[in-house]
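Worksheet for the structure shown next.
Any read-out appearing in this document is the output of simple, stated calculations on the displayed coordinates, not a laboratory observation. Treat the numbers as computed from the prediction; the structure is a model and nothing was measured. Quick reminder, even Gly has a Cβ in these numbers, built from the backbone with ideal geometry, and neighbours come from all protein chains shown.
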Amino acid sequence: MIRAEYVQRVKDRTDLIDLIQAFHVPLKKAGSKYLGCCPFHNEKTPSFNVDPLKQIYKCFGCGEAGDALAFVQKFKNLDFPEAVEFLAGRLNDTVEYESSTRPKSRFFGKRL
Ligand SMILES: [Zn+2]
């Protein structure tokens, strides 16, 4: 299990606009938001909105929405821990895992 605090830290340090553009999804500033063509469905008129303050995206065409982790999971077809590791990798950071609730004794190790 990845530490919940760590997940939050990775999200805090990730800029969603940067992240999405790193996947070659062009975004244009439109008022306080960013707008682009949705990477999750085919469209010619941009309906993919990214809110740089809330760090969330929402597509009004197909309904996809979420934060940086949701985007990576969906875009790269990763599960949650893989998405956290991906974002940590971009930050040159190492994922922190919960230490096991059971103390790992040598005895326990041998039985496995
Ligand atoms: Zn869409």
Cα-centred dipole magnitude for the chain, charges only on beta-carbon of K, R (+1) and D, E (-1), debye, nearest 20: 340 debye
Net charge of neighbours whose Cβ lies under 11 Å from the Cβ of VAL50, counting Lys and Arg as +1 and Asp and Glu as -1: +1
Under 20 Å, Cα to Cα: Lys pairs in the stretch 4-90, sequence gap 8 or more or different chains: 18
Residue order, fewest to most beta carbons within 10 Å, for LEU69, LEU19, LEU53: LEU53, LEU69, LEU19
For the stretch 4-90, convex hull volume per residue from C-alpha positions, Å³: 89 Å³
Least to most buried among SER99, SER47 (fewest other Cβ within 10 Å first): SER99, SER47
